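Following: one structure in structure tokens, then a few remarks.
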Amino acid sequence: MFKFKKRDKREVKRITEYLVTGGAWFWSGYLLFAVLYSGFKIGIIASKVLSYIFGLSVNFLLQRYWVFADAKGKKQLNKVSGRYVALSALNLGIDTAIVWYLARLGLTPYLGQFVSAGFFTVWNYIWYKLWVFTRGSQPGPKRSSAPTLRRPKQLRGTLRKKTA
């Protein structure tokens, strides 16, 4: 039987958690889309944008504090949040375009969201791991200088100039 290395086990666990949180994002956004689009008869683009933002909020909290959680990462929340928002803005445009275009081709937007979700499952994992929540972006120490050397206590004050 194949044995995983400790690092590989962590990555399998992370991928599993990622898929669970991605499911939470997808289904929360999907349900809100259905309510807005079919229930309230709001247009496809407005429904998609609102449901995307809702699902995105659920996803960020789960990704940040569960899947890619790092005790040191709390110090860099602004940096991570900025990267997350930048990637999400790009993704919103791509996601909305995919669903809208597939609807124009005759595919229901409900199925179009599944097609889009398949793409973003791989796309986002790569970006989250390599750029948004990367451990390499942890803040460094406040001082990067060499340690200060001190004289032993017995020699302190013996080399001072004597004033007359």
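The values are calculated or read from the model by the stated rules, or taken from the named source; none is laboratory data. As the structure is a prediction and not an experimental result, all values here were calculated from the model. A quick note on method: Cβ atoms are made from the backbone with ideal geometry, for glycine too, and the neighbour counts reach across all protein chains shown. Accessible surface areas use protein heavy atoms only, side chains included; no ligands, DNA or RNA. Shrake-Rupley method; radii C 1.70, N 1.55, O 1.52, S 1.80 Å.
Structure above, values below:
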| read-out | value |
| --- | --- |
| Per residue accessible area of the stretch 16-132, 1.4 Å probe, in Å² | 54 |
| Length added when fully stretched, K6-W100, from 0.36 nm per residue minus Cα-Cα | 29.5 nm |
| Loop-resident sites, the stretch 21-103, for chymotrypsin sites (Phe, Trp or Tyr not before Pro), counting at most 11 other Cβ within 10 Å (DSSP) | F40 |
| Portion, in percent, of the accessible area of the stretch 1-109 that falls on carbon or sulfur, probe 1.4 Å | 69 |
| For the stretch 1-124, size of Cβ-based charge dipole, Lys and Arg +1, Asp and Glu -1, in debye | 740 |
| Normalised contact order of the stretch 22-132, rounded percent, pairs of Cα under 8 Å and 6 or more residues apart | 28 |
